[in-house]
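Throughout, read-outs are computed from the coordinates displayed, never taken from laboratory work. Everything quoted here is computed from the prediction, not taken from an experiment. Here the Cβ positions follow ideal geometry from the backbone for every residue, glycine too, while neighbour counts run over all protein chains shown.
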Amino acid sequence: MNAEQQGWIERFASHLTHERRMSGHTVSAYRHDLLRLRIFCEARKITRWDALDNAHLRTFAATEHASGVGPRSIQRRLSAVRTFYEFMLREGHCERNPARDVRAPKTKKRLPTTLDADQMARLLEFRVCDSLSARDKAMMELFYSSGLRLGELVSLDTGAIDLADRTVRVIGKGSKTRLLPIGRFAIAALQKWLSERAAIAKGAAPAKRTTPAKRAASAPSDEFAVFIGRSGRRLGVRAVQMRVGMWARRQGLGVHVHPHMLRHSFATHLLESSSNLRGVQELLGHADIGTTQIYTHLDFQHLAKVYDATHPRARRQRTA
C-alpha cells in the first residue's frame, strides 16, 4: 500500500485518541490489528482499503486462526477493522464496511474457578493479630459477602459504607451505582479494620499539595480510601492480589486464589442456595443476564457430582 493508504491508520488512531478519548493501550492494540491487516493485503497485492470485500476479510480471519491466533484475539481484530471502516465511511473514503458480517471462530467458554464453602471458610478463618491482617480480613470478607469486583473494592471510599444500614454503595462498569448488603462477618471485620485504619491515616505523611485542577483530574483521593497501606495511601489492585494469594498459601488451600475467585464463589454459592438468577445478576451488576448464566453451569456441575457420588444407579460397580 502507498503512503496515502497507510496514512489512514494514523488518521484513525488520532480519531480514537482525540475524538473518542480511548486509552493509549487501546489505540496501540487497534493500530497493531490494522497493521496485521495491511500485511495481509500487501501479500495479496491489494493496494487500497476500499478494494477489500467480505470474502477477503473472512480469509484474513481464517489465516490468522491458522497461524495460531486465538478466537478472542481474532474477534478483537475484526472489531478494530469494523470500527476502522466505519471511520472511513464517515470520512467518505469508502462506500461500504466489508467487515460488518464477518465473525470470528467461536471461543470455548471457560467456566470461572471457584472455592467451595469449606475452602472459603478455611481461607477466612485466620486470626487477626495486627492492622494489616485486620485490613486483609475486612477486604476478603467484603469480597465474599457482597460480590465486589476488584476495581470496585480498591476504589471504595469510607462514605460508601454504612455499617448501621449494613450496606455498601459501589460504582461498577459504565459508572452504574448499586447498593449491596453486607453480611455480619464482613460487618464485624470492617468495624475492626476501620478502627485500625483511623490510627494509620492519622499517622500518615500529609499528601503533597496540588492545584485544584490537578486534584480534579487525578484518581480518587487516598484520604478517604477504605483500604490503605502503612503509608496511608490507597491500596492498589496488585497489592490486593498479592495479599489474597498470600493468605491462601498460609491457610494451606493448595490452589492459586485471586480476588475475582471470591466474587465467583459468592455468585455460585448464592445461586446454589437461592436459584434466583435475576437476583444474583443485580447483585453482581451484570448488564446482561447471559453473563450471569455461566454460574448455572457451575451449579449443574456441582449437582452432577453429587448425583454421581450418591445415586445408586449412577455409581460405578466395583470390579471383582
Could you work out how much longer the chain between VAL255 and GLU42 gets when fully extended? Use 0.36 nm per residue separation minus the Cα distance between them, nm to one decimal.
71.9 nm
All-pairs Cα distance distribution in region 36-188, expressed in whole percent, bin size 10 Å
9, 25, 17, 14, 18, 13, 3
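Once you have the Cα-Cα distance between ASN54 and LEU163, take 0.36 nm times their residue separation minus that, and quote the gain in nm to one decimal.
Working: separation 109, 0.36 × 109 = 39.24 nm, distance 5.73 nm.
Residue separation times 0.36 nm, minus the Cα-Cα distance, leaves 33.5 nm.
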With r as the distance between the Cβ atoms of ILE289 and SER67 and R0 = 35 Å, compute the FRET efficiency 1/(1 + (r/R0)^6) and round to 0.05.
0.45
Low-density loop positions, GluC sites (Glu not before Pro), region 70-159 - DSSP coil, at most 16 other Cβ in 10 Å
GLU91, GLU95, GLU125
Taking amide hydrogens as modeled 1.01 Å from N in the peptide plane, which residues meet the under 5 Å criterion relative to HIS286, leaving out close sequence neighbours?
none
Simple spin-label estimate for GLU91/LYS176, 7 Å along Cα→Cβ, in nm, reads 3.4 nm
Just in region 109-160: which trypsin sites (Lys or Arg not before Pro) are loop by DSSP and have at most 15 other Cβ atoms within 10 Å?
LYS109, ARG110, ARG127
Dipole magnitude of region 3-90 about its Cα centre, charges +1 at Lys/Arg Cβ and -1 at Asp/Glu Cβ only, in debye to the nearest 20?
180 debye
Can you list residues from other chains, or at least 5 along the same chain, whose modelled amide H is less than 5 Å from the amide H of THR167?
ASP162, ILE182
Phi angles of region 64-80, converted by Karplus (6.51 cos²θ - 1.76 cosθ + 1.60, θ = phi - 60°) into ³J(HN,Hα) in whole Hz with x for Gly and Pro, give 4, 5, 5, 7, x, 6, x, x, 5, 5, 5, 4, 5, 5, 5, 5, 4
Compactness of region 69-136, expressed as Rg and Dmax over alpha-carbon positions, Å
24.0, 68
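What trypsin sites (Lys or Arg not before Pro) does region 61-108 have in DSSP loop regions with at most 16 other beta carbons within 10 Å? Write out the running numbers ahead of the final one.
Numbers: sites: ARG72, ARG76, ARG77, ARG82, ARG90, ARG96, ARG100, ARG103, LYS106, LYS108; in loops: ARG96, ARG100, ARG103, LYS106, LYS108.
Loop-located and lightly packed - ARG96, ARG100, ARG103, LYS106, LYS108.
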Kirkwood Rh in Å, taken over all unlike Cα pairs in region 3-90:
13.4 Å
